[in-house]
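Below is one structure, written out as structure tokens; the observations come after it.
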Amino acid sequence: MQTEMTDTTLITESQREYMIRSGKATPRFLQGVYPFIGRGIFEQDVVDESLHYTVPAGFTAEITYLRAGNLSTEMLYLVITANGSPLRYFPLGAGSSCHVELAIVERHLAGTRIDVAFAAPRALSGAIVLDIGILEIGEAK
């Protein structure tokens, strides 16, 4: 935790804020509105082929939050994966949204591919609104 004194005002910032301000980390985002058609609640499919992030060489990355909305009439769920393995599941109720600040954050190594999948009841159609925050961290020299 970094602190600075300005006159009589104490300013504090989190480790994450310090890393971004100092240029040691850069925020990255997976965002957009994506139409879908469900294949079945046990049939996961990527939300969109273009919706992925690969950790570049010389960096690590942390997924820090997920905001999502479900523009359909039934519940569905999202799955964040790393190299094809599920990391987190997020249920989304019909016509609802969520914001999840992740309390447990894993560091992903260079070359790791992050994807977003979903599953929904068969033939359910709608749209998913996504905003996923990733912190890209430069390796110490």
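Could you run the Karplus curve 6.51 cos²θ - 1.76 cosθ + 1.60 with θ = phi - 60° over the stretch 91-101 and give me ³J(HN,Hα) per residue in whole Hz, x for Gly and Pro?
These are the phi-based 3J(HN,Hα) values: x, 10, x, 4, x, 10, 9, 8, 10, 10, 8 Hz.
Using amide H atoms built 1.01 Å from N in the peptide plane, name the residues 5+ places from THR64, or on other chains, whose amide H lies under 5 Å from its own.
HN-HN under 5 Å from THR64: GLY133, ILE134, LEU135.
Would you please give the residues with an amide H less than 5 Å from that of GLU74, counting only those at least 5 places away or on a separate chain, with H modeled from the backbone geometry?
Amide H neighbours of GLU74, under 5 Å, 5+ apart: GLY95.
Which FRET efficiency value, to the nearest 0.05, is calculated for ARG107 and ARG67 with the Förster distance at 30 angstrom and r the Cβ-Cβ distance? Please report the intermediate quantities before stating the final value.
Details: r = 22 Å, r/R0 = 0.72.
FRET efficiency, ARG107 to ARG67: 0.90.
Over what distance in Å are the Cα centres of the stretch 113-138 and the stretch 27-89 separated?
Spelled out, the Cα-based centre of one part sits 2 Å from the other.
Report the full-extension gain for the segment GLU17 to SER85: residue separation times 0.36 nm, less the Cα-Cα distance, to one decimal in nm.
On the way: separation 68, 0.36 × 68 = 24.48 nm, distance 2.92 nm.
So the extension gain works out to 21.6 nm.
Note down the Stokes-Einstein diffusion coefficient of the stretch 26-138 in µm²/s, whole number, using a Kirkwood radius over alpha carbon pairs, 37 °C, and 0.692 mPa s.
Working: Rh = 14.2 Å.
My calculation gives 232 µm²/s for D.
Using the beta-carbon distance between GLU74 and VAL33 and R0 = 22 Å, what value does 1/(1 + (r/R0)^6) give for FRET efficiency, to the nearest 0.05?
Details: r = 18 Å, r/R0 = 0.83.
Working from the Cβ atoms, E equals 0.75.
Quick one: 3J(HN,Hα) in Hz for the stretch 118-126, Karplus 6.51/-1.76/1.60 with θ = phi - 60°, rounded, Gly and Pro as x.
8, 9, 8, x, 3, 6, 5, 10, x
Every number here is computed from the coordinates shown, using simple stated rules; none is lab data. Predicted, not measured: the structure shown is a model, and the values here were computed from it. Every residue, glycine among them, receives a Cβ derived from its backbone with ideal geometry; neighbour counts consider all protein chains shown.
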